[in-house]
Structures are given as structure tokens and as C-alpha cells.
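The values are calculated or read from the model by the stated rules, or taken from the named source; none is laboratory data. Quick caveat: nothing in here was measured; it's all calculated off a predicted structure. Methodologically, a virtual Cβ is constructed for each residue, glycine included, from the backbone with ideal geometry; neighbour enumeration extends over all protein chains shown.
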Amino acid sequence: MKKLLIVEDDASLRNTMTTVLELEGYQPEAVASTREALDKLGSETYPIVISDIYLDERTGIDILRAARERNPACVVILMTGRGSMETVMAATEGGAFEYLAKPFEMAHMIDTIKRAEKSLEAVEDDEAASIDDLPETEMIGSSSKMVEIYKTISRVAPTDATVLIEGETGTGKELIARMLHRNSKRAQHPFVPVDCGSIAPTLLESELFGTLKGAYTGADRDRMGVFEAANNGTVFLDEIGDIELGFQLKLLRFLQEREVRPLGSPRAKKVDVRVVAATNRDVQKMVEEGKFREDLWYRLNVVRLTVPPLCERPSDIPLLVHYFLRRYNERYGLDTIITETGLKAMENYSWPGNVRQLQHMMERLSILASAARIDDAAVKAAIQETASRDASDTLADTEAEQIRRVLSATSGNKSRAAKILGIERKTLYRKLERMGVP
Ligand SMILES: Nc1ncnc2c1ncn2[C@@H]1O[C@H](COP(=O)(O)OP(=O)(O)OP(=O)(O)O)[C@@H](O)[C@H]1O
Ligand SMILES: [Mg+2]
């Protein structure tokens, strides 16, 4: 049973709400003043708080702050007979999940709470997962090219062979690396991804091999490297083409000896890790140009998996569309559908960003679809926007409305909203400011 705090000064509304919520299986506690509410919030944690805005010398906004301070994941629903959605969002910095305009039907209130709970679960899932992945994503696709990939995965996963995964951005290289790990005898041990492209070359060595305290100024403690931390597991070296020539030799040595020597340490340690590497650059060509060591290339290239871009397997598009639509409907508590013409429009697009781009577009479309229907006009508009979007601030005309809907679906999580809208977070802040939402 879920605890719930009601803050409402009107006794008859307070009693009705309490009764209805009890019948609905909640465990409501009701108070009439901000002081009582703040007392309660000081000593207990409530997953859900429903509060009137205009109460006494303090307001529902104070309740909201206190509730969030106590429990950042708390769902707060504000009620008022006055003021527009805008003033409420402004007052709460977009942080209130929902807004109930008085008078409201009890059924509407229940719906609102249910929706808030769902989105709360989604946020929790979201925090558990890495930045933009759905949790436990399956590999979708039944084109002959994908079937070949699955076959290779099942053949090489159980071995300790080093695997090199090549493919354009967003084709699923990391997903494949995780599947290799999950289907190996190492599955119970760590899978550690390292983005070689985003770690400064000078830090990559200590990241991978570790550092002893005092190895250099600033090394104030021993740091275990990834290879040691992932012992018995799998290390995923992403963007392998970005590794500097100088460090390539060290990596080669490691692949030969399977020993790590942390910076500043006289001793080497044996480790047992499997290495899976990925790149979206043409490393073969880099070898020819002398930018990548040939010997390292051969070491990494024991098994090579090349993931085809989405445009070479169009029959996978409808499967991916339906899969992501289902996942996002679940995540955001929606019932969005896609029409036949909408699906056709998805199939006709070239998807330069591959599955990742398709996934993000489905997230946006599922939330923003008018009347919960994604038709070809909606798809074409979304494609147009991705195509024309650059560093500029552009969004469609209805952007204020879109921003509100996305913020509401993400419970006011601005970084997530910016990602769904496909704009920079600071751009979103600027737009919110212009909309009068601080
Ligand atoms: N076949 C697939 N089925 C389901 N989801 C997929 C599939 N391929 C990719 N994805 C999803 O698309 C997103 C991008 O995939 P991933 O991160 O594996 O791409 P990548 O090839 O590593 O891209 P990059 O080169 O940009 O790092 C992820 O959210 C992943 O779960
Ligand atoms: Mg990747």
C-alpha cells in the first residue's frame, strides 16, 4: 500500500479525497495546513503528495520543496482553482509533475496519480539504465543480415576470442558487445565499457592499467585500472580507432601478455579479461595510412563483426518501430499508435543515425503525437526537423506546447526533455525562459 499525503484546507474536499483514495488502495494521510504538512514531511517520507497551492501564509510550493528535499523522487501534485498551468510551472521551476484544476472529478484525480506513479517508475528505470538506453534492450531485427550477426554472436560469445565490431554510429555495436558478454561464461562478472575516444590520451593509460599513489603529482591514492577491475569479465574498448599511436603499443603488449602494471608500480599482475573493441572509423584504412599499428589491428581483429547500417536492412524498420513504440508507451503510460502511412514514411527514410536515431524519434513521436496517432505528416515533420536541426535553436511552431508535453512526460526532468526534443540542454533553458518558465 502506498502512503500519500493530502494537504487541503477545505474539509469536505479533504474528506472526499481521503475516502476515494482509501477505496483505491492507498494509505492517505490528510492535513489542513502547511505547518502540519511540513511537520509530517520532516519526519516521514511520502512517495506521493497532493497539495493545494493557496493554503495559508505558506503555499503548496513550500510543500513541494520540502517534499522534494526529503525525497527527490517524490511525486507532487498541486491543486488550485486559480492561476494557469504556466504560473504553476513557473512557480515550481517545472518541478511539479501534475496540476489539478479545481473543481475536478475524483476519477480524474486518480488518473493523474496513476500517471504520476508510472512516470516515476520510468524515471527510476531511467536512472538505473545508462543515459539513453531502455533497460535490458533486446536486439531487434530479422533481416538476413541481422540473422548472420546473431549466428556469429552465438558462435563466438562462449569463446574468449577478441572481437572487433565495426559499424556506423547507432547501429548497435555496444548492444552487440553486451550480448557477447551476456552469452559468455563471464556473464556473472563485470562488463566494463571504456570510451577511448572521450578519455584524454594521457589519462587512458591510468584508466586502463591503474595508478599507484604518488605515481605522479595529484595521484593521491591507488586507483585500480579497468582491466583489473573487470577481472574475469569483459572490457569493451569503444572507439578503438581514436587510440594514439604511442599508446597502441602498450595495448598490444597487454593483449599479448594479459598483464597489467599500474603506473608507478614495479610489478605486473596477471588478469583474465576478454576484450571486445568497436569502431565506426575505417581502421583498415588507418593501418594503410600508418595511423594505426598493423600488429595491434591483427590482434584485435580475431573475429570481425560488421553491423550493416539500417538503410541496408529496411525490413527491420517496422519491427524496430513497433518495438520502441511499445517500450515508450509502457514507459510513459501512453497508448500511441502508428498509422500505416506513418510506418511507410519511417520505412522510406534513410536513417543516417541508424537505430539510435530511430529510437529517439519514436520516443518523441510517441509523446508528441496528437490524438495519440503517429501519421505520415507527423513522421515527415519529425524527419524534416532532424534534417534541418543544427546548432541553432529551431523547433517547430508548436514548440511551447511540445516542450510542455515532453516536460510533463519526463516529470520535469529537463535534461531528459532536452534529449527527447533533440536540443541542447542550454537551448531548452533559454526557451523555457522565453516561455516564462524559469
Ligand atoms: N537491433 C537493435 N535492436 C534494438 N535496439 C537497438 C538495436 N541496435 C541498436 N539499438 C539501440 O540503439 C541505440 C544505439 O545503439 P549502440 O549504442 O549499441 O550503438 P553504437 O553502434 O555503439 O553507436 P556509436 O557508434 O554511436 O557509439 C541503443 O539504445 C541500442 O539499445
Ligand atoms: Mg557505441
Answer residue from segment 227-260, given it is more than 28 Å from Asp282 (Cβ to Cβ) and out of contact with any strand residue (DSSP E or B) (no Cβ under 7 Å at 6 or more places or on another chain) and is farthest from ligand 1 (Cβ to nearest atom) among those:
Glu257
Please tell me if Arg326 is crowded, with 20+ Cβ neighbours inside 10 Å, at pLDDT below 95 and on the phi < 0 side of the Ramachandran plot.
no
Within segment 8-33, restricting to residues that are β-branched (Val, Ile, Thr) and in contact with a strand residue (DSSP E or B) (Cβ under 7 Å, 6 or more places away or on another chain), the one that is modelled with the lowest pLDDT is Thr18
Does at least one position in segment 164-176 carry a residue that is away from ligand 2 (no atom under 16 Å from the Cβ) and within 27 Å of Phe247 (Cα to Cα)?
no
Condition check: surrounded by fewer than 21 Cβ atoms within 10 Å (Cβ to Cβ), under 30 Å from Glu257 (Cβ atoms) and among the polar types (S, T, N, Q). Does Gln357 satisfy that?
no
Can you tell me which of Asp316, Asp295, Asp335 is exposed (fewer than 15 other Cβ atoms within 10 Å of the Cβ) and farther than 23 Å from Ile240 by Cβ?
Asp335
Residue list for segment 153-174, restricted to those being surrounded by fewer than 17 Cβ atoms within 10 Å (Cβ to Cβ) and part of a helix (DSSP H, G or I):
Ser154, Arg155
Inside segment 138-152, can you point out the residues that are surrounded by fewer than 20 Cβ atoms within 10 Å (Cβ to Cβ) and part of a helix (DSSP H, G or I)?
Ser144, Lys145, Met146, Val147, Glu148, Tyr150, Lys151, Thr152
So, in segment 203-218, of the ones that are surrounded by fewer than 16 Cβ atoms within 10 Å (Cβ to Cβ) and over 29 Å from the mean Cα position of the chain (by Cα), which residue ends up nearest to Pro262 (Cα to Cα)?
Lys213
Residue count for segment 306-329, restricted to those that are out of contact with any helix residue (DSSP H, G or I) (no Cβ under 7 Å at 6 or more places or on another chain) and either among the aliphatic types (A, V, I, L, M) or without any contact (Cβ under 8 Å) to a residue 60 or more places away in the chain (or both)
4
Over segment 29-48, the set of residues out of contact with any Asp or Glu (no Cβ under 6 Å at 6 or more places or on another chain) and within 20 Å of Ser12 (Cβ to Cβ) is Glu29, Ala30, Val31, Glu36, Ala37
Please verify whether Ala230 is under 25 Å from the mean Cα position of the chain (by Cα) and touching a residue at least 60 places away in the same chain (Cβ under 8 Å), treating the condition exactly as stated.
no
Which residue pairs have Cβ atoms closer than 6 Å, lie 6 or more positions apart in sequence or on different chains, and pair a first residue in segment 168-192 that is in contact (Cβ under 8 Å) with a residue 24 or more places away in the chain and outside the structural domain of Trp351 (by TED's automatic domain parsing) with a second residue that is within 8 Å of ligand 1 (Cβ to nearest atom) and of a type in the set (S, T, N, Q)?
Glu168/Asn280; Glu168/Asn354; Thr169/Asn280; Gly170/Asn354; Thr171/Asn354
Scanning segment 15-36 residue by residue, the ones that are under 21 Å from Glu117 (Cα atoms) and either outside the structural domain of Gly81 (by TED's automatic domain parsing) or not polar (S, T, N, Q) (or both) total 11
Yes or no: segment 170-184 includes at least one residue that is touching a Lys or Arg at 6+ places or on another chain (Cβ under 6 Å) and within 15 Å of ligand 1 (Cβ to nearest atom).
yes
So Gly342 fits all but one of (1) modelled with pLDDT under 95; (2) under 30 Å from Ser411 (Cβ atoms); what number is the exception?
(1)
Inspect segment 235-243 for any residue being more than 16 Å from ligand 2 (Cβ to nearest atom) and farther than 16 Å from Gly210 by Cα and give the result as yes or no.
no
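Yes/no matrix, rows are residues, columns are (1) touching a strand residue (DSSP E or B) at 6+ places or on another chain (Cβ under 7 Å); (2) under 24 Å from Lys145 (Cβ atoms); (3) in contact (Cβ under 8 Å) with a residue 12 or more places away in the chain; (4) not assigned by TED's automatic domain parsing to the domain that holds Ala277:
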position	(1), (2), (3), (4)
Glu294	no, no, no, no
Ile337	yes, no, yes, yes
Glu340	no, no, no, yes
Leu343	no, yes, yes, yes
Arg356	no, yes, yes, yes
Glu363	no, no, yes, yes
Cβ pairs under 6 Å, 6+ apart or interchain, first in segment 241-266 and over 18 Å from Asp160 (Cβ atoms), second among the charged types (D, E, K, R) and surrounded by 14 or more Cβ atoms within 10 Å (Cβ to Cβ), ordered by first then second residue, are Gly241/Arg281; Gln248/Arg293
Would you pick out the residues in segment 146-179 that are among the hydrophobic types (A, V, I, L, M, F, W, C) and out of contact with any strand residue (DSSP E or B) (no Cβ under 6 Å at 6 or more places or on another chain)?
Met146, Val147, Ile149, Ile153, Ala157, Leu175, Met179
Exclusive hit being assigned by TED's automatic domain parsing to the domain that holds Pro158 and either within 16 Å of Asn231 (Cβ to Cβ) or touching a residue at least 24 places away in the same chain (Cβ under 8 Å) (or both), set Val287, Val273
Val273
